[in-house]
Amino acid sequence: MAIFSAAVAFWLGSVYGSFLNVVIHRLPREESIVRPSSRCPRCAKPISWHDNVPILSWLALGGRCRHCRKPIATRYPLVEAAMGVLAAVLQWRWPGLAAWGAAAALACGALLAVALIDWDTFLIPDELSLGLAVAGLLFSPLNAYLDADGRWWLSGWWSLRGALVGFAVGWGVAAVGEAIFKKEALGGGDVKLLAGVGAWTGAVGAFDCLMIGSLLGSVYGVGLMAAGRAKRSDPIPFGPFLAAGAIFNFFHLLPFGWPLV
């Protein structure tokens, strides 16, 4: 039964990943994510349902469009596979809490989209960051981290408090960093993303996310400079590292933010 549940979660997650590919491609371009239906990014020909099966269709077509035969980026099946794995592992992490595992998978998908969009464009769309905050409040009664013994209003309050703390911590870091370094230390999109993370994993999760993201971002930046591929003044997108920290939060909260419990 556990294997069957994991397989179902993987499949549903990969379908969600297919939709995320549309979001990642269209949202920065301010295009509708609903219409038109899926189409080749090269020739814009519509993709039929049998060519739009997550992972399998890409493999069957050899990674090329059926119409123009031009390559379709490997990122597409990788996003589908990554989302499938996340959905399956979240169900394993939260046994007996299938609804919470599914909600967490939805949030992790939004974070995956944030990471890739910010990586490509240095932009975190409000639809994702603020959408995470709203969704965190709506799903708070299911939230295993905000369990209030059935008192949905208390779970909602803890979610709201987490969002406010996340925003305040992000805003504080941005203000102090700009005052010290005389340049933007944390973008507005990052601040709003921390609010969204706090709505899902509470004040502790928002703080943990910032700490983990800062560590990962620092390691990446130092690695680039050591390899001669970047200078100290070169900007790097912070959203992917915050998103990685936030996804980690859905599996385990670290004691970084213990004063905020």
**Q.** Count - residues of the stretch 119-141 that are charged (D, E, K, R) and over 17 Å from VAL22 (Cβ atoms)
**A.** 1
Q) Mind checking which pairs have a first residue in the stretch 170-196 that is surrounded by 13 or more Cβ atoms within 10 Å (Cβ to Cβ) and a second that is acidic (Asp, Glu) and not in a helix (DSSP H, G or I), Cβ under 9 Å, 6 or more apart or different chains? A) ALA174/GLU184; GLY177/GLU184; GLU178/GLU184
Q. If ASN21 satisfies every condition in (1) surrounded by 12 or more Cβ atoms within 10 Å (Cβ to Cβ); (2) without any contact (Cβ under 8 Å) to a residue 60 or more places away in the chain; (3) more than 15 Å from LEU111 (Cα to Cα) but one, which is the exception?
A. (3)
Q: Among the residues of the stretch 107-134, write down those that are surrounded by fewer than 19 Cβ atoms within 10 Å (Cβ to Cβ), part of a helix (DSSP H, G or I) and not aromatic (Phe, Trp, Tyr).
A: ASP120, THR121, ASP126, GLU127, LEU130, GLY131, VAL134
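Only one of LEU130, LEU97, LEU116, LEU112 is out of contact with any Gly (no Cβ under 6 Å at 6 or more places or on another chain) and modelled with pLDDT under 95; which?
The conditions single out LEU97.
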Q) Of all residues in the stretch 1-47, how many are over 18 Å from SER57 (Cα atoms), within 19 Å of the chain's Cα centre (by Cα) and part of a helix (DSSP H, G or I)? A) 8
**Q.** Of residues in the stretch 231-247 being in contact (Cβ under 8 Å) with a residue 12 or more places away in the chain and in a loop (DSSP other than H, G, I, E, B), the one surrounded by the fewest Cβ atoms within 10 Å (Cβ to Cβ)
**A.** PRO235
Q: Kindly establish whether PRO54 is assigned to a loop (DSSP other than H, G, I, E, B), within 26 Å of ALA115 (Cβ to Cβ) and in contact with a helix residue (DSSP H, G or I) (Cβ under 6 Å, 6 or more places away or on another chain).
A: yes
Q: With respect to ALA144, determine if the residue is among the small types (Gly, Ala, Ser) and either surrounded by 19 or more Cβ atoms within 10 Å (Cβ to Cβ) or under 16 Å from PHE238 (Cβ atoms) (or both).
A: no
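The values are calculated or read from the model by the stated rules, or taken from the named source; none is laboratory data. Keep in mind it's a predicted model, so treat the numbers as computed, not measured. Backbone-built Cβ (ideal geometry, glycine too); neighbour counts: all protein chains shown.
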